[in-house]
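Engineer: Next up is a structure, given as structure tokens.
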């Protein structure tokens, strides 16, 4: 059975096993204010990697006007195509999500993470509920690394598939706020996915995302004086189709890897951040990219964000889509597998440090 779940998705009742990860509560307690980090948990590659000085300005990332996509503007769809091909990321303006819906969601997120730890633990992720639920992301794995933050992951679509036992009752506004927000974001995702299909000239593309699955990952990153040595989320690509990110309090933290350099993304007030995931790269046969990204923490300010993930319907086939119009054919670079087999692959390899695309690529 396939259900939406983590920053990607999860499969219930599968035989996939992952390497053990030990939560070290004593370290979490000792480093509540992040005043000291044991040497063996420092992540040296943060300082070794190249980071562009200064955050990316709105002029650096492609900007797509959602209102023009709604009107099926050929010019805007062409811009979208270039954004997906060259970047895999873009800022979406004029998205039409009501300000009140966004503000209510922001307030609910902040109020939830302000709750006492014991109250949040009531909704903690359990071994029998996949990736859903609340969790601290200060963990140590087989290769010791310190990752600092909190996350709250929920499946939001389909509605019938929700695990309401994991939906917090406090703040009382949370459920309605998330309901309204994810409904509006789904409308946005539908238009963006339809426009991507048009840009690829693949009529069958959007068919794979009808009745699509949706989940959210709500993130909290406390400030840390040793921010250069810890990560909020380690480098990864999204194994889903399309991700829509709302930066709750406009604090820098998201970075994308492009041309061997980590590029900080500067929040643009009123805009959503959108990126294509591994499934779109596969379905486009590599034309549209799924860029690696990570979250860093701030030395002085806390940061909140909510990422909403959209994947294809449960019976979709994950593989390159055939061209709808005659033309010069090119070889397929990726396998075609069922949705369920794809996410079994995701789970089986999620801790080996490799991208799932490596396992989906056909041998040359």
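Engineer: Sorted by packing (mean other beta-carbon atoms within 10 Å per residue), highest first, where do 193-205, 89-101 land?
Structural biologist: 193-205, 89-101
Engineer: Testing the spin-label approximation: label points 7 Å from Cα along Cα→Cβ at residue 340 and residue 165. State their distance in nm.
Structural biologist: With each label point 7 Å from Cα toward Cβ, the separation is 2.3 nm.
Engineer: Order these peptides, 291-299, 213-221, by their mean beta-carbon neighbour count within 10 angstrom, highest first.
Structural biologist: 213-221, 291-299
Engineer: Any chance you could run the full-extension gain for residue 72 through residue 93? It's 0.36 nm times the residue separation minus the Cα-Cα distance, nm to one decimal.
Structural biologist: 6.0 nm
Engineer: Would you please put 62-74, 265-277 in order of how densely packed they are, using the mean number of other Cβ atoms within 10 angstrom per residue and starting with the highest?
Structural biologist: Peptide ranking by packing, descending: 265-277, 62-74.
Throughout, read-outs are computed from the coordinates displayed, never taken from laboratory work. This structure is a prediction, so every number in the text was calculated from the model and none was measured. Glycine gets a Cβ as well: all are built from the backbone with ideal geometry, and neighbour counts include every protein chain shown.
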